[in-house]
Amino acid sequence: MSSIVIAIDGPAASGKGTISKAISEKLQFHYLDTGKLYRAIGAKYLEGHEPISAATNLKYEDLDNYDLQKPEIAKAASEIAAIQEVRASLLKFQRNFSRKMPGAVLDGRDIGTIVCPSAKIKIFLTASLEARAYRRYLELQKTNNELKLESIIDQIKERDERDQTRSSSPMVAASDAKIFDTSELSINEAIDVVYFYIQARIN
Ligand code: CDP
């Protein structure tokens, strides 16, 4: 028997994290936020580490050692994520994780295309730039109320462009992914829509 893999990809603040976590809890599957791997390497890069060796030596504990939500870490993550060797060294860990029984939900940018191309269910979440930036603004305001919405719009736009145009594993919906636009949905509505879709296909 092999594990059931659910790949959830999409751009910054499309709701991937919240939706993937909720789905994994409902199904009692394991959950990996692959963005955290890139963010932890981004954090090390900002400390002066060389990104390829930071990726090779990454330890699971590193994911808890930084405030990975910070916008400057998100920016650094998207810079180091364009390096082919960084991506290659994270592949094995992600693929091993996807084999956990009875199943695993992985969210990121290239799960359905590169990491788990044979995932049973592939979802690509999207939403307008304005809707995504406003959600991230509300999230980040909890810890930093000096951030401006305009600057978050600019940061997300820059990161989306870099993620979409890099030559190594660019962010793109897999041809067999189901695309959901969550711009007009509350987070609970989005969870319900995605869960309904998955439930119909999982057995
Ligand atoms: O939470 P948010 O969607 O803003 O970002 P994230 O998922 O934590 O990812 C941070 C950055 O890591 C992204 O902008 C990508 O450049 C990179 N990333 C990637 O290249 N591939 C993945 N599977 C996950 C993240």
Inset, instruction - Please name all residue pairs, on different chains or six or more residues apart, with Cβ atoms under 6 Å, provided the first residue is in the range 1-19 and is closer than 11 Å to Gly108 by Cβ and the second residue is outside any strand (DSSP E or B) and near the ligand (Cβ under 7 Å from one of its atoms). - result: Ala7/Ile111; Ile8/Lys16; Asp9/Arg109; Asp9/Ile111; Gly10/Lys16
Inset, instruction - For the range 58-66, state whether one or more residues are farther than 19 Å from Asp110 by Cβ, part of a helix (DSSP H, G or I), without any contact (Cβ under 8 Å) to a residue 12 or more places away in the chain and among the aromatic types (Phe, Trp, Tyr). - result: yes
Inset, instruction - Test each condition in (1) within 23 Å of Thr182 (Cα to Cα); (2) within 13 Å of the ligand (Cβ to nearest atom); (3) assigned to a helix (DSSP H, G or I) for Ile8 and report the one that comes out false. - result: (3)
Legend entry - Count - residues of the range 31-58 that are more than 16 Å from the ligand (Cβ to nearest atom) and of a type outside the set (S, T, N, Q): 4
Legend entry - Single residue of Arg99, Arg95, Arg109 found to be among the basic types (Lys, Arg), buried (at least 17 other Cβ atoms within 10 Å of the Cβ) and out of contact with any Cys (no Cβ under 6 Å at 6 or more places or on another chain): Arg109
Legend entry - Candidates Glu61, Glu79 - the one that is acidic (Asp, Glu), at pLDDT below 95 and out of contact with any strand residue (DSSP E or B) (no Cβ under 7 Å at 6 or more places or on another chain): Glu61
Inset, instruction - Report yes if Gly17 is within 10 Å of the ligand (Cβ to nearest atom), within 11 Å of the chain's Cα centre (by Cα) and outside any loop (DSSP other than H, G, I, E, B), otherwise no. - result: yes
Inset, instruction - Any chance you could count how many residues in the range 1-10 are touching a Lys or Arg at 6+ places or on another chain (Cβ under 9 Å) and modelled with pLDDT under 95? - result: 1
Inset, instruction - Check the range 43-55 and report whether any residue there is in contact (Cβ under 8 Å) with a residue 40 or more places away in the chain and more than 21 Å from Leu185 (Cβ to Cβ). - result: no
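The values are calculated or read from the model by the stated rules, or taken from the named source; none is laboratory data. On a predicted model such as this, the values are computed, not experimentally measured, just so you know. As a convention, Cβ positions derive from the backbone with ideal geometry for all residues, glycine included, and neighbour counts pool all protein chains shown.
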